[in-house]
Every structure is written in C-alpha cells, then in structure tokens.
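These notes concern the structure reproduced below.
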Amino acid sequence: MSLITLGINHKTAPLDLRERLAFTPQSLPEALQSLKKLKHIKEASILSTCNRTELYCVTTEDNDRAIIQWFSQFHGLDEEQIREHIYLHAHEETIRHAMEVASGLDSMVLGEPQIAGQMKDAYAIANEHGTIGQLLGKLYQRAFAVSKQVRTDTDIGSSPVSVAFAAVSLAKQIFGDLKKTTVLMVGAGETIELAARHLHSQGVGNIIIANRSVERAQKLADEFNGEAISLQRISDYLHLSDIVIASTASPLPIIGKGTVERALKQRKHKPIFMVDLAVPRDVEPEVNELDDVYLYSVDDLQSVIEQNMECRLQAAEQAREIIDVQVSHFLDWQRSLGAVDVIAQIRQSAQNTSNEVLAKAKKQLAAGQEPEAVLEFLANTLTNKFLHLPSTRLREASQKNRDDILNIAQDLFIKNDVTDEPLKSDTENSDTEKSHAKKPDE
C-alpha cells in the first residue's frame, strides 16, 4: 500500500484555475465515491479550500495518470490544461506534506490555523462516506496531533497574519478609523467569523452578515451586535456598506457588476472596499473595472500578509524539526503493520497446538494417569512441538551458511540474560518425542 497526494495550490495554479478545480460541498460525496472506484484506489479523501485542492489516496499500484485523468474529467477540463500546475507527492513525502499542511506551513499565510479545521472537515466527510480506512485515517490523526504540537511548542501562531487579518489591515489602511464604517460580511464560515472578530476588535461601527442560512448568520451576528440578512437582500444593503468581505462556498458569483453599479449611484460614488476571499469567487471580476471600487482577491492579499512574518519563519524551522520526527514515527508504525498478520498467524498456530496437546492431557487425567506425569507430558510435548519447525529451519539455514537467519533467531528466542546455550538439535527433540509417543492414550 502506498500513499499519494495529487493537487494544486496558490503556489502552482492561478486563481481562475483553482476556481475551476475546486469541489463544492455538494459535489464532494459523489467525487469521493467516484475517486475510490478507480482501479487500485483503496482509500480516498479530498481537501478543497480557497487556496488548494488536494486528493489524498491509498493505492496498491502506481496509477498517477489515472488519477490526473479523473481529476480533469470530473471538472470538465482537458488533462493538458492542468498537468503543468499539478504537484504529486508519493508516500513519505505525502506524510510530510499532510503534516506541513495541517500545521499551516504550506499556507499562503504561514502558520494560519484555519487549514487544520478544514482538514478535519475533509477527514470527517471521507469517513462519513466510507472512503477512508486505516492508513489515511492514521495519517489524518497524526497530522492533527502534529499541528497541535507545533502550535504548542513553537511561535508559529504568535503574529496575526491570516488572510482575514490581512483584509482587516488593508481596510484600516484605506479608512483609517473603522469606527464609522459599516461592514457587510457575505458568508458565515470560519474565515468570515475570523474577519468579524478582527473587525470587532478594531471597533468597527456596524456589522451586517448575509448568509444562505439566516439562522446561522444571526447566531454569528449576535456575537458582534450585528444584523443578519439573507443573500437575496444583499442588494438592499450594499449601498450602506463601506467594506464588503465575502467568503462562501457558492459555485457562482453572488455579487455582480450591475448590483455594485446601482449601489455606487445610491452612495453618490462614495468608495467601497471589497475583499473576495472565496474560491470560486463571490464577486464578479468585472466589478474591478468600476471606479470607486477597490476589489481585492485572495491573491491580491499576498503583499499585505508578507509583513510580520520573521518570527513565523523561525518557528517554521522548529516545526519542520518536529515534523521530521513524526514522519519517522509514522513510517515505523506503518512498517510494523507488516508484522501484524504474521504475529496473528503464529499465535493462532501456537493456540491450535496448545489446544490439541491440552485435549490429550485431559484425556490422560480422565484415564487416571498421575497428574505429575500428565504435567510433564504437557510441558515436554508443547516444547517439542513449538520448537520442531524453527529447529528444522535453523538447521537448513546453517547448512546454507545463512548466518543472518541464525542471528535473527538468536535475537528472537534467546534472552540477553541467558547464557548462549545451543538449541536442542532435531535429533534430541525427535528422541524426546519418541519417548512420549509410547505413552498410552495420546
């Protein structure tokens, strides 16, 4: 079994391609089942966020080409359109990559914490739909544990430089004092919640939260003394908004150019600062053509979030040291899985032998033989039966000069505190077995 990761992110693909290759929450169940049906795929999960789309799979054979074909075809794209933007990690690098992603080391904003929650969502969805098993399940759990350790043991999260914070910082640069501004938040997910918290801490005047579920929007609005509305009412409130921050999972834009034009007329062309953090975009790109609108996408925020990064870069080096150790531990655990079946077979064989010999001993007791003689029979017979096959194999190994096998056997069967006494030869064992073979009722 081998782990692979195939995906695109903000480093390898432009925003418009990331939009086209994103999975909506509604499409994920179908995508997971379809991906797992590919030949040689035993487990599958999909992580799809604003900045990345990644497929995590467990395969029995190398079938990268088939996965790339599936990825492109599912989104209705030609394979050549995406091939140059795709990265592929195999096994150990997949383990390392998953841990780095969960720890925020591969994010646009180094060390941002939201990705860990998004990975937990990806794990939960795959688990719910039965496409995740022992290997991927262990990888996710270890990645979550590493993420927690990194945040506990390093300063990776000491400086607030998330995408949401970057948006708020940019708003402060444009408006200065935010106390007299009204903010329209489109969506009610983690990114919007984080941005709302930053805005609230800066003393923003009014917060309006628009969401498909008004109930969810109201729950979030209540935390900030804000107002909740439905998405359909955005056009009624847009002209009141100085700042618009959008981040939903909608497959189509929610705010169009015409809507913004009408709002600007009502505002007498007082500027609107808009930040679209969604992938696919919530605001039509053509809005950027309008005067008096300052529209920023997630890619545009890159220059803003480069500030305040020095301590996080240092913490990232510490985090990678932690990850190196944890990758090694994961590989050790995986290698140990190969022994599980063998151990189970050995135990079952030993148990069968024990049951067989015990049944004979019970018959001897029932026939009236002396308990001491029966116990001696039981001990000697078990010893002979357990050692017969290993002794035979060791003798064959010795005849072939396989000292490596003899050394392994010594490690397995001879305690360090016991003198190196040679194992009984098969001849001695055979003689002992013959002596007991003549006992009655065996």
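The values are calculated or read from the model by the stated rules, or taken from the named source; none is laboratory data. What you see is a predicted model, and the numbers here were worked out from it, not measured in a lab. With ideal geometry, Cβ positions are generated from the backbone for all residues, glycine too; neighbour counts draw on all protein chains shown.
Some values worked out for this structure:
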| read-out | value |
| --- | --- |
| Criterion violated by residue 335 - all others in (1) among the basic types (Lys, Arg); (2) modelled with pLDDT of 90 or more; (3) closer than 30 Å to residue 151 by Cβ satisfied | (2) |
| Condition broken by residue 24, with the remaining ones in (1) under 24 Å from residue 306 (Cβ atoms); (2) modelled with pLDDT under 95; (3) over 14 Å from the mean Cα position of the chain (by Cα) satisfied | (1) |
| Condition check for residue 65: part of a helix (DSSP H, G or I) and modelled with pLDDT under 95 | yes |
| Some residue of the stretch 388-400 being of a type in the set (D, E, K, R) and touching a residue at least 12 places away in the same chain (Cβ under 8 Å) | yes |
| Pairs with Cβ under 6 Å, 6+ apart, first in the stretch 128-142 and assigned by TED's automatic domain parsing to the domain that holds residue 39, second surrounded by fewer than 17 Cβ atoms within 10 Å (Cβ to Cβ) and assigned to a helix (DSSP H, G or I) | 129/29 |
| Matching option when the condition is touching a residue at least 12 places away in the same chain (Cβ under 8 Å), small (Gly, Ala, Ser) and outside the structural domain of residue 413 (by TED's automatic domain parsing), among 339, 350, 359, 344 | 350 |
| Unmet requirement for residue 267, which otherwise passes all of (1) touching a His at 6+ places or on another chain (Cβ under 7 Å); (2) farther than 17 Å from residue 234 by Cβ; (3) among the charged types (D, E, K, R) | (2) |
| Filter result (touching a His at 6+ places or on another chain (Cβ under 6 Å) and either more than 24 Å from residue 212 (Cα to Cα) or assigned to a strand (DSSP E or B) (or both)) within the stretch 18-44 | 32 |
| Number of the exception - residue 188 against (1) in contact with a Phe, Trp or Tyr (Cβ under 8 Å, 6 or more places away or on another chain); (2) assigned to a loop (DSSP other than H, G, I, E, B) | (1) |
| Sole exception among (1) without any contact (Cβ under 8 Å) to a residue 60 or more places away in the chain; (2) surrounded by fewer than 16 Cβ atoms within 10 Å (Cβ to Cβ); (3) at negative phi for residue 76, by number | (3) |
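Let's see how each residue does on (1) part of a helix (DSSP H, G or I); (2) in contact with a Pro (Cβ under 7 Å, 6 or more places away or on another chain):
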| residue | (1), (2) |
| --- | --- |
| 334 | yes, no |
| 337 | yes, no |
| 345 | yes, no |
| 351 | yes, no |
| 356 | yes, no |
| 362 | yes, no |
| 365 | yes, yes |
| 368 | no, no |
| 374 | yes, no |
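Residues checked against (1) at pLDDT below 95; (2) outside any strand (DSSP E or B); (3) aromatic (Phe, Trp, Tyr); (4) buried (at least 19 other Cβ atoms within 10 Å of the Cβ):
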| residue | (1), (2), (3), (4) |
| --- | --- |
| 152 | yes, yes, no, no |
| 158 | yes, yes, no, no |
| 177 | yes, yes, no, no |
| 192 | yes, yes, no, yes |
| 195 | yes, yes, no, yes |
| 218 | no, yes, no, no |
| 234 | no, yes, no, yes |
| 261 | no, yes, no, no |
